[in-house]
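Notes to accompany the following structure.
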Amino acid sequence: MEYQDGYPRHASDTVREAMADTPVAIIQGARQVGKSTLATMLADNSPHVVSVTLDDPATLSVAQSDPVFFVEQAGDGLLVIDEAQRAPGLILPLKASVDQDRRPGRFLLTGSADLLQIKGVGDSLAGRAETIELMPLSQGELARRTTPEDFISWVVAGAPGTGFPALEPSSVVAGGYPEAVRRSPSRAARWFTAYVDRLADHDARDLQQGGYPDHMRTLLELIAAAGEAELVKAKLARTMGVSENTLEAYVRLATTMRLVTVLPSWTRSPRGRIARRPKVSLNDTGLSAQLAGFTSAHAQTVGGREFYGALTEQFVALELRKQATWSRLPVHLFHYRDHDGLEVDIIAELPDGQLIAIEVKSSRTVTDKTWAALERFRARHPDRSVTGVVLHGGTQVAHLHGWLHVLPMPSLWLH
C-alpha cells in the first residue's frame, strides 16, 4: 500500500499488478490528484529507475528532438515519464521499443490528459499498455482505511453489518483533492479558484494549441451547478452562446483533461446505450461545490437542499467510480431513464449480468416511496437478477424482501 500525505492510495496495488505483466503502465488523471507522487513511490521499489518529467522545458526538448534516444535511456530498468501528454511523439518510438522487448514493467507514464485523445498520438499501444485512472482521494482513503473499500462486492455478499453513522455534508462539500482537503474551507476555496484558472488559461490552451479554452471555466461552472445530470447539448450550448459543435469540442476537451466524468445510460442493448443521453459531472464534489458557491452551511437550508441532493448523487457515483479501479468484481456503471419516465440514479452491471440498482437520497428519513422506482425497475427486468440499494443521509439499516437494502451513505466506505 502506497501513501500520499498520510493517506493510502488504493489504486497503487492495481498499478503494481499492471507493471508485473504489462510493458507500459499509465496512471491517468486530472492535475493535482497525486499521479506524480504515486508514480515516484512505486518506482522506489524498482532496482534501476530513470525518472523524468516533461514539465521541465529542457527534458521536453530532448523528448521532442530525439524521441528514440529518450525512450531507451533507462536501458534494462524502468523509465518513468511524468506528464507524458506533453510529447505525443514519444508514443510511436515507445511502441517500437516494446515490440522489440516486451518485458513487463519497462515504462510507467503519468498523464493529466487522456493520451488516446491528444493530437499527434500515433498509436493506441493496444495490447502493450494498461491505463489506471487515478481520481481524487476516496472516502476510504481519507478515513485512512488500509483495506480498500469495495461496496459492490459487499452488497453482492448481502451487505452484512450495522451501526453506520449519518452522512456529514462536510464530506460531500470537501471532495477529495489532496491539496484541498488538508486546508481550511476558506483556503481550499482559494486553491480551487487558482486551480480552475490555471486549467482554463494554460492547460486547455496548451492541449488544443490555441483552440477552445475561452469558455472552459463557464462550461465547468454550468456542469458543477447541475451536480450529476443528463447532458442536454442544445440547452448547454444556448446558455454558453456557442454552437452545439463548439459545445461538443469543449466537453470533449474537459473529458480529455479528466475534469468531467461520463455516466452512460443503461439499456439491454449496448447500441441503445450510445443513443441515449449520458449523465455528466465534474470529477470531484469539492470542485463542484466551489464553482457553484456552495458550502456545508447551505446544505442545512431549505434553498440549498435541491442542489445538495444533486451533489450527493454525484458524490456516490464518484465514490463507486473510484472503487471500480480496485474492486474484486469488474463493474460498469450507468444511470437509467426510460421513455415512461422511470429513473434510477445508478446501475452497476456485473460481468454475469447481475444488476445493482441504486437510489441516492440526501434526506435522513426514508419511506416505502423511496424505493418505488427500484421496484418498478426490477419488475420490468424479470430476466435479470436485480439487487436494490437505497443510500440515504440517515442511520437506518434495513434488508427487505430478500433483494432490497436500505443503507446509510457512509456504508459506501465503512462496510
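Derivation of every value follows stated rules applied to the coordinates shown; laboratory data play no part. Just so it is clear, the structure is predicted and the values come from calculations on it, not from any experiment. Reconstructed Cβ throughout: ideal geometry from the backbone, glycine too, with neighbour counts over all protein chains shown.
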Practice item. Using the structure shown, select from K95/K279; K35/K279; K279/K369; K35/K235; K35/K95 the pairs with a Cα to Cα distance greater than 30 angstrom. Key: K95/K279; K35/K235
**Study point:** Charge dipole (debye, nearest 20) of region 140-414; +1 at Cβ of Lys and Arg, -1 at Cβ of Asp and Glu
**Key:** 60 debye
Check your understanding: When the chain is modelled as a GNM with alpha-carbon springs shorter than 10 Å, which of T147, T255, T22 fluctuates the most?
Key -> T147
Exercise for review: Identify, among L134, Q85, H10, the residue whose Cα sits farthest towards the positive end of the charge dipole of region 2-134, taking +1 on the Cβ of Lys and Arg and -1 on the Cβ of Asp and Glu, with the dipole about the Cα centre.
Suggested key: Q85
Exercise for review: Find how much the distance from A225 to T131 grows on full extension, using 0.36 nm per residue of separation minus their present alpha carbon separation; answer in nm with one decimal.
Suggested key: 30.8 nm
Point to revise | the chain - share of DSSP beta bridges that are antiparallel (%, nearest 5) | key: 40 percent
Practice item. When you have a sec, figure out the Kirkwood radius of the chain from all distinct Cα pair distances and drop it here in Å to one decimal? Key: 22.4 Å
Review point. Among F334, F307, F69, whose mean-square fluctuation peaks in a Gaussian network model of the chain (Cα, cutoff 10 Å)?
Key: F69
Exercise for review: For the chain, with a Gaussian network of springs between Cα atoms less than 10 Å apart, report the residue from V390, V344, V232 with the top mean-square fluctuation.
Suggested key: V232
Check your understanding: Around R106, what is the net charge, scoring Lys/Arg as +1 and Asp/Glu as -1 over all other residues with Cβ under 15 Å from its Cβ?
Key -> -1
Study note, to complete from the structure: Simple spin-label estimate for E349/R103, 7 Å along Cα→Cβ, in nm, reads 4.1 nm
Check your understanding: What is the calculated FRET efficiency for E168 to V50, with r their C-beta to C-beta distance and R₀ = 41 Å, to the nearest 0.05?
Key -> 0.40
Study note, to complete from the structure: Over the chain, the sum of -39500 (n - 2.57) across DSSP H runs of at least four, divided by residue number and rounded to 500 deg cm²/dmol, gives at 222 nm -10500 deg cm²/dmol
Check your understanding: What is the distance, in nm, between label points placed 7 Å from the Cα along the Cα-to-Cβ direction at E248 and at H332?
Key -> 2.2 nm
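Would you mind calculating the gained length between V262 and T147 on full extension (0.36 nm times residue separation, minus the Cα-Cα distance), in nm to one decimal?
In short, 38.7 nm is gained.
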Exercise for review: Return the long-range amide H neighbours of A30 (sequence gap of 5 or more, or a different chain), with a cut-off of under 5 Å between placed amide H atoms.
Suggested key: none
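Work through the residues other than R86 whose Cβ is under 9 Å from its Cβ and net out their charges, Lys, Arg +1 and Asp, Glu -1.
Taking every Cβ under 9 Å from that of R86, the sum is -3.
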**Study point:** Relative contact order (percent, whole number), the chain, Cα cutoff 8 Å, 6+ residue spacing
**Key:** 16 percent
**Study point:** Net charge of neighbours whose Cβ lies under 15 Å from the Cβ of R328, counting Lys and Arg as +1 and Asp and Glu as -1
**Key:** -4
Exercise for review: Give a residue-ordered list of calculated ³J(HN,Hα) values for region 331-347 (Karplus: 6.51 cos²θ - 1.76 cosθ + 1.60, θ = phi - 60°; whole Hz; x for Gly, Pro).
Suggested key: 9, 10, 10, 9, 10, 9, 8, 9, 5, 8, x, 6, 10, 10, 4, 9, 10
